[in-house]
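One structure below.
Each reported figure results from applying straightforward, stated rules to the coordinates on display, with no laboratory input. The structure presented is a predicted model; accordingly, all values stated were derived computationally and were not measured. Counting neighbours? That spans all protein chains shown, and the Cβs are built from the backbone with ideal geometry, glycine included.
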Amino acid sequence: MSVRIVESADVDSEAQVGDGSSVWHLAQVREGAVLGRNCVIGRGAYVGPAVRLGDNCKVQNYALVYEPAVAEDGVFIGPAVVLTNDTFPRAVNPDGSLKSGADWEAVGVTLREGCSVGARAVCVAPVTVGRWATVAAGAVVTRDVPDFALVVGVPARRVGWVGRAGVPLEDAGGGRWRCPQTKDVYVEHDGRLREADPATEEA
């Protein structure tokens, strides 16, 4: 497999780009960033220093992924998404001097396996978006998102559940949820969702 980096992209020599990955026009990948296999970095996207992406991730056009964000395998970061890294942002110190890197500590967003962050959503660090969860377009995430949750709004709140296919789950009764696309079954308990074990639970 090969890496595709178009001429107008800016990929630092100290960044690592995995086999099969593509970095498109005007994207920037900073020093120390690590991209897994088969990742796609869209036009104008920014991947900050020491950001880590797993395999098969997509960072869509003009998304801003600030360090030290971590995205696990199969994560989707939509167009113009922002993953912040400064809890109390200021351009200057109290004495009016310009802030430098030594004047603050970066905190990152964590995106767990398979989750999706929709277009123009903002994740305010430090938050974690759970496995296979979906953040709706335009949402502002200010607290952790559970696995398989569908969150919307400002601030983001859970309005449903989604499965691995990303499709909203249907209530099957008794705390059980079913994916209309894959027919997989999920079990809700104490505000959390998990995949049903087909060996022990009736689908």
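Dividing the Cα radius of gyration of segment 1-44 by 2.2 N^0.38 Å, with N the residue count, gives 0.98. Note on segment 163-203: Kirkwood radius taken over Cα pairs, Stokes-Einstein applied at 20 °C and 1.002 mPa s, translational D equal to 210 µm² s⁻¹.
Considering every Cα-Cα pair within the chain, what fraction, in whole percent, is farther apart than 25 Å? Percentage above 25 Å: 42. The charge dipole of segment 4-162, taken about its Cα centre with unit charges on the Cβ atoms of Lys, Arg (+1), Asp and Glu (-1) only, comes to about 660 debye. Taking the centroid of alpha carbons for each part, segment 93-146 and segment 1-61 are 19 Å apart. Looking at the chain, send over the antiparallel percent of its DSSP beta bridges, to the nearest 5. That works out to approximately 30 percent antiparallel. In units of the rule-of-thumb radius 2.2 N^0.38 Å, segment 56-154 shows an alpha carbon radius of gyration of 1.12. Please report Rg over Rh for segment 119-203, where both radii come from the alpha carbon positions and Rh follows the Kirkwood definition. Rounded to two decimals, Rg/Rh equals 1.01. Taking the fewest neighbouring Cβ atoms within 10 Å as the starting point, the ordered list for Leu98, Leu64, Leu193, Leu83 is Leu98, Leu64, Leu193, Leu83.
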